[in-house]
Structure formats: structure tokens, C-alpha cells
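The values are calculated or read from the model by the stated rules, or taken from the named source; none is laboratory data. Not measured: the values here are computed from a predicted model. All Cβ positions, even for glycine, are placed from backbone atoms using ideal geometry, and neighbour counts span all protein chains on display.
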Amino acid sequence: MQRTLRLALATVLGAALVVPALAQDNFPDVPDNHWAYEALLRMKSNGLLVGYPDGLFRGNRPASRYELAVAIHATYVNLKNITDGLQAQIDAIDKKGDSADLANLRTALANLQNDVNNLKRYGDDIAALRRLTDTFQKELQDLNVDVEQMKKDLGDLNARVTKLEANRPAVDIHGDGNLWIGSGMATGNRAGDFGGLNKDGRRLGVMTGGGQTSSPIRDLTVLHEGALTFTTTKEKGPKLVGTVVVGNMLNDKINQANGTAFLDQSRVTPAYGSRYTEGVEDIYIQDLAVKFDSSVAGLGFNAEVGRIGYKISPYILQRLDNTTYFANDRWDNGKYIMDGAVVGFNFGGAKLDLFGGRTSRRFTTQGNELQPYVTGSYNVSDGNAAFANSSLRVDQTIGARLNVPVGQNGNVDVSYLILDNSTADFKKSLSAGGGIAGTENGNSVRGNRIGVFGATGDFKFGSLKVAGGYTQTQLMEDDSTTGRNRDNQAYYGTLGYSGNRFGLEGTYREVQARFLAPGDWGRLGIIRNPQNIRGFQVKGHFDVSDALTIKASGEFDKGASDNFRASTGLDKDSKIDTFNVGLDFKVSSSLGLMLGYEEARFKNVVNPGAVNGPRLGETKYRWTTVGLGYGLSDTAKLSIAYEFSDHANEYIVGGINQNGQGRNFRGGFFTTQLSVKF
């Protein structure tokens with residue numbers, strides 16, 4: 001808590017300049033791999049931090065005593081507002097006495113539970129604020145703050161929190177519920193049209209059995225999911241956290257030939273070409289872990305043991321978001337779950353994480369694997385090749401990650417992982433299992449282990465941002481490197497500028513054909529985690545007003561090598577250009593509208609599987625989207641969107657036609673999502 005308070009007080013909160021940061025979940029100058037990211041995100045969402053008018057945190061800038069005084073007063077006001085609304089509930093509980101109706105008492109306690117849980121963590125802050133009020137008494141008085149009243153109120157706050165803690169249950173229970181409806185329709189009337197195709201590569205306007213329909217009722221899917229999270233509330237000692245989920249958003253293994261729901265939480269190619277259908281009612285454990293702090297030889301550490309989630313960065317370790325049309329933190333947070341442990345050591349500003357665990361066989365009650373942990377593909381060079389498996393199914397993972405701050409303006413993050421498959425046995429039974437196995441130009445290529453080394457750096461110089469990263473993967477058979485460990489790298493460099501109302505960022509990157517990291521580095525058309533590419537990315541935004549934001553981005557790639565035509569469909573003559581433009585308009589505090597257009601063009605693509613096959617005609621993916629988001633309350637949101645797809649010469653879904661051209665897809669996709677947190 002004292003670290004959290006220090007972060008709050010380090011924020012510059014100019015009294016005449018305090019406005020909410022626009023359209024951002026967290027401060028853009030705080031990288032998501034910074035040790036303080038989670039704390040800052042929580043404090044911003046709770047209203048304790050607002051930052052500068054341009055939305056930046058600027059945590060490295062020294063604060064003056066007057067700025068600290070403003071921060072103290074802002075924190076005090078926020079805490080006071082939180083507790084002012086609770087006194088009536090406390091009085092009502094006091095009046096019930098021992099003879100009160102138990103059902104009513106339980107209801108009253110339930111209403112207080114969330115407020116109590118939020119307030120508990122403020123106890124140390126209140127004590128610190130009382131001390132700081134004395135220290136900064138002169139500066140607060142210069143700001144026309146009634147210091148004596150502030151001291152009195154802080155004393156009252158402490159008494160209220162103490163009273164609320166006495167009514168706190170041993171276990172906090174909260175959760176969320178989601179209802180998702182998707183409806184597709186085929187609108188194409190040209191010869192060779194095959195209904196719609198969305199950004200996840202799913203067929204739209206297709207009925208069971210393969211027939212097409214223009215009726216949104218005939219291709220209607222209704223999915224639901226509810227989650228309960230249990231957290232022990234004991235302040236000292238180990239803390240138990242677990243989440244149980246019930247719903248039908250995963251696969252129906254019996255009827256999957258007719259389509260699937262979202263299939264699972266991690267597949268790179270979840271269901272190309274299939275239609276949406278409801279999954280079976282299923283139950284799974286998303287996480288279940290014990291968290292505690294301890295020390296070894298005087299060195300303090302924090303640990304998390306059990307079923308836990310962990311991620312590093314997009315080119316090293318990060319679960320991809322394969323549900324473009326469904327928003328939920330469980331599905332979208334990028335964390336791979338494993339049954340194991342993470343132990344974190346802090347050395348001044350640096351942090352070292354050691355982690356490891358089992359990353360396979362996390363099954364649901366219906367036998368669905370929740371998060372298949374699969375690496376990138378080992379793409380073979382052109383020539384005579386045959387592969388039983390081209391990617392590694394990871395059964396266990398072990399690794400280390402070190403994050404080190406560099407001066408006042410940046411940090412460096414270095415990681416090394418070993419991804420292992422325990423079923424591939426090349427020495428005894430020569431079983432490929434879940435390993436990589438095949439022949440390439442007459443040579444055997446086998447691997448049951450992958451090493452991943454990566455490093456990233458982020459630096460800020462005023463409004464300028466400089467970032468970069470490098471990752472290399474090594475295919476191994478047990479402890480020995482195997483195969484052709486070339487063309488196995490990914491790297492990028494980024495330069496960005498953030499102004500008061502606009503931002504601009506450019507990146508150059510290359511992802512080679514045998515880069516095998518289990519990451520999430522983007523989508524081109526419907527292709528996720530593309531390999532054998534190099535090119536430029538650019539993106540920017542402009543806040544026309546507090547209510548209107550315009551966003552645009554583009555990517556301009558070529559094939560990185562001529563040696564992988566058959567496996568990737570790309571060579572140095574191939575070009576992939578993508579364009580995105582969007583408009584967000586905030587009508588009111590509860591209603592927002594959006595409009596977007598995306599186009600991806602593939603030129604000189606080679607027919608995959610044929611080294612000297614014909615080059616396809618220009619492939620175009622085009623999506624136009626309109627939508628709205630409406631906040632029903634602080635804990636409930638309704639999102640509605642309609643997307644029209646118009647794709648020409650699609651060459652992945654449905655195969656290649658005899659004339660060397662792909663298929664055409666035209667159709668609409670209506671989605672709505674109701675999300676409620678409790």
C-alpha cells in the first residue's frame with residue numbers, strides 16, 4: 001500500500017489542469033511490462049490518479065511540495081467520497097441487533113461487501129495521509145484547504161474503515177456474466193460468392209449442411225458464460241484466489257462437423273472456414289492459486305502457486321486474442337495458464353521472475369482443452385519435404401524474466417524460456433507425439449523442445465518514444481539443437497510521438513519463416529501470427545474534441561525470403577498491404593458510437609503447397625463496421641455492431657478453384673454482447 005501511495009503522490013496533479021485521460025485504460029507512457037502497471041491501472045480506474053491533461057503519467061519527473069500537497073488533497077477527497085455513502089448502511093446494520101431477521105441482515109452485509117473490500121486496502125493510505133497532512137500543512141493551507149477539517153475527516157475515515165472491517169466476510173465472491181449473439185447472412189449474388197467471412201475466418205450466412213442463407217435467423221448463434229471468482233479476505237498470510245466458469249462458448253466435440261463456438265482460448269487458427277454454432281454446456285477452472293510473500297536469506301519474494309496466468313510480450317510469450325467479436329478479460333488478457341508457480345524477487349527497481357509448470361491437459365468437464373499451448377510453425381524450405389507435425393504442442397514450460405529500469409526514462413526486459421513436449425520419444429519409439437517431425441530434402445528434422453530467448457527495451461524522452469525487441473527460437477531434440485536453426489528470428493524497432501491531442505507511431509519488423517515463439521504479433525487479413533514477412537507499420541490518432549477521435553493505421557509487408565514459397569505462399573515478390581481507419585464518437589457519458597473500415601491486399605501470392613505453382617490474382621479482404629456501446633450502469637454494458645464483408649479471390653478458406661483464383665465472400669455479421677459484473 002505504501003508503494004501505491006508513493007506512486008499516487010509522485011503524480012503531478014495541477015489543480016487547474018486535472019482532467020480525465022481521454023480514451024485510454026492506463027497511462028500511455030507506462031509500458032504494460034512495468035512492475036507498477038497493475039497498480040497504476042487499478043488506481044486510475046478507482047479515480048485516485050488522473051495524470052496530466054495529455055493523459056501521461058510522467059512518473060519519473062520529480063514533484064514539488066505544492067504538487068504533492070495537491071495529490072494528498074485529491075486522495076483525501078476521493079477516500080472521503082467513497083465512505084460518505086456507507087454510513088447509512090452501517091447504521092442500518094447496527095439497528096438490526098441480535099434479533100434482526102437473518103435474511104435481511106445477509107442482504108445488508110452483501111450490499112456492503114464490495115464497498116468493504118475496496119476500502120480495506122485504503123487503511124495504510126489513511127494512516128499515511130494523516131502523517132502527510134501534518135508534513136504539508138503549510139502548502140495545503142496555501143491551497144485554501146481547511147487542514148483542521150481534513151485531519152478530523154481522516155480520523156473519521158479511519159474509524160469507519162475499522163468498523164466496516166469487522167463486518168467483512170472471510171471470502172469475497174464476485175464475477176461476471178456475458179451473453180453473446182452472432183447472426184450471419186450471405187448477401188453475394190455474383191457467381192462464385194460463398195456468403196460472408198469475418199476477421200476470424202468464420203463463414204457467415206451458412207446453414208447446417210452447408211447451404212447459404214440471406215436470413216439472419218437461419219444462421220443465429222447464442223452463447224453465454226458466467227464466472228465466479230472467490231478470494232479470501234484475510235489481510236495477513238497466504239491468499240487463495242480461484243475462478244470457476246460455466247457456459248457454452250467452447251467446442252461441441254460431438255457436433256463440431258456442423259460448426260463450433262469459440263473452440264478454445266488460444267488456437268492460432270481456431271476454425272477457419274467453419275460456421276458459428278453453440279457449444280455444449282461446460283464447466284472449467286480458469287485459475288486457482290495461493291499467493292503469499294516470504295523471504296529467503298533475507299531476500300524478500302512474492303509467490304503464486306497453482307493454476308496461474310502469465311505473459312511476457314507479443315514476440316516472446318503471449319496468448320493471442322482469437323475472439324475478435326467478444327470482449328472479456330479471461331479471453332483477451334494474453335496470459336497463458338499453467339499449473340505451476342511464479343516467484344518474483346525485487347532488487348531495488350529491478351524484478352526477477354522465475355516460473356514454470358505444466359501447460360497441457362487443462363481439460364473442461366466436457367473434455368475440451370481450454371488453452372492448447374502451440375508454437376509457431378516450422379516452415380520447410382522449398383524442395384522435397386514431408387512433415388507429420390510442423391508445430392510443437394507444449395506440455396511444460398520453465399523460464400526466467402528480468403526487468404531492469406534504465407535511468408529515469410526506460411527499462412529493459414530480458415527473458416529465456418524452454419518449451420518442452422513430453423510425449424515425443426524419438427530415441428526409443430520414434431514417436432512424434434506432439435513434437436515436430438518430418439524430412440526436408442532427404443534430411444530428418446525432429447524436435448521435442450524449443451528454446452526462446454528475447455529482449456525488449458522501452459525508452460521515453462519527453463513526448464518521444466523509442467522501443468525495440470529481438471527474439472530468437474531454437475528447435476531442439478532433448479538438449480541438442482536440431483534441424484536448420486536459421487530463419488528463426490523476429491525483431492522490431494519503433495519510434496513514436498505523443499502530443500496533447502494526437503499521437504503517431506512507426507515500426508519496422510521482420511518475422512522469419514521458422515520463428516516458433518508462442519506469441520501474438522498481429523493479423524493480416526485473416527492470417528494470425530504471419531511468418532516470412534518484413535515491412536513497416538504506422539498508426540496514429542487525433543482527438544478532434546473530447547468526444548471525437550479519429551484513428552488510422554497501415555502495414556506494408558513483403559515476403560522475407562524466397563526459400564519458403566510452398567509452406568508460406570510468400571516470397572520477395574509478394575506484397576501484403578493493410579489499411580485501417582476508424583472513428584469513435586462519445587455521444588454521452590454512457591453512449592459511444594464507432595465506425596471502421598479495414599482492407600488487406602495480397603499481391604503475387606504463391607499457391608501454398610506448390611513451389612512453382614501459379615501466382616494468384618490479387619486477394620482483397622474488406623470489412624466495414626458500425627457499432628455502439630451503451631453503459632447500462634457502472635457494472636453493465638451493451639455492445640451492438642454490424643459488419644459487412646466483401647472479399648475477392650480468397651485463397652485460404654475453401655481451397656483454390658480450377659482457374660487459379662480463390663473464392664469470393666460477401667455477407668453481413670450482426671453481433672451483440674451484454675456484459676454484467678457483480
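Quick notes
- Selection of region 463-495 for residues being surrounded by fewer than 19 Cβ atoms within 10 Å (Cβ to Cβ), of a type in the set (G, A, S) and within 27 Å of the chain's Cα centre (by Cα) yields S463, A467, G468, G493.
- Taking every residue in region 500-514 that is exposed (fewer than 15 other Cβ atoms within 10 Å of the Cβ) and pairing it with any residue that is outside any strand (DSSP E or B), at least 6 positions away or on another chain, the pairs with Cβ-Cβ distances below 8 Å are N500/P53; N500/D54.
- There is at least one residue in region 460-483 that is over 30 Å from G201 (Cβ atoms) and either among the basic types (K, R) or touching a helix residue (DSSP H, G or I) at 6+ places or on another chain (Cβ under 6 Å) (or both).
- Condition check for E618: touching a Phe, Trp or Tyr at 6+ places or on another chain (Cβ under 9 Å), among the acidic types (D, E) and modelled with pLDDT of 95 or more: no
- Residues that are crowded, with 17+ Cβ neighbours inside 10 Å, out of contact with any Gly (no Cβ under 9 Å at 6 or more places or on another chain) and either at pLDDT 80 or above or assigned by TED's automatic domain parsing to the domain that holds S183 (or both) are absent from region 211-228 altogether.
- Scanning region 292-313 for residues being more than 22 Å from the chain's Cα centre (by Cα) and of a type in the set (D, E, K, R) gives a total of 1.
- Restricting region 376-419 to residues that are more than 30 Å from D562 (Cα to Cα) and over 24 Å from the mean Cα position of the chain (by Cα), the residue that is modelled with the lowest pLDDT: Q408
- Residue under evaluation Y597, criteria (1) among the hydroxyl-bearing types (S, T, Y); (2) modelled with pLDDT under 95; (3) under 22 Å from G535 (Cβ atoms), criterion not met: (2)
- Failed criterion for S274 (all others in (1) among the small types (G, A, S); (2) modelled with pLDDT under 80; (3) surrounded by fewer than 21 Cβ atoms within 10 Å (Cβ to Cβ) hold): (2)
- The residue that is modelled with the lowest pLDDT, among those in region 623-674 that are of a type in the set (F, W, Y) and crowded, with 19+ Cβ neighbours inside 10 Å, is Y651.
- Among the numbered conditions (1) crowded, with 17+ Cβ neighbours inside 10 Å; (2) farther than 26 Å from K620 by Cβ, the only one that H541 does not meet is (2).
- Within region 359-370, the presence of a residue that is at pLDDT below 90, under 30 Å from G442 (Cβ atoms) and either assigned to a strand (DSSP E or B) or in the same structural domain as T229 (by TED's automatic domain parsing) (or both) is excluded.
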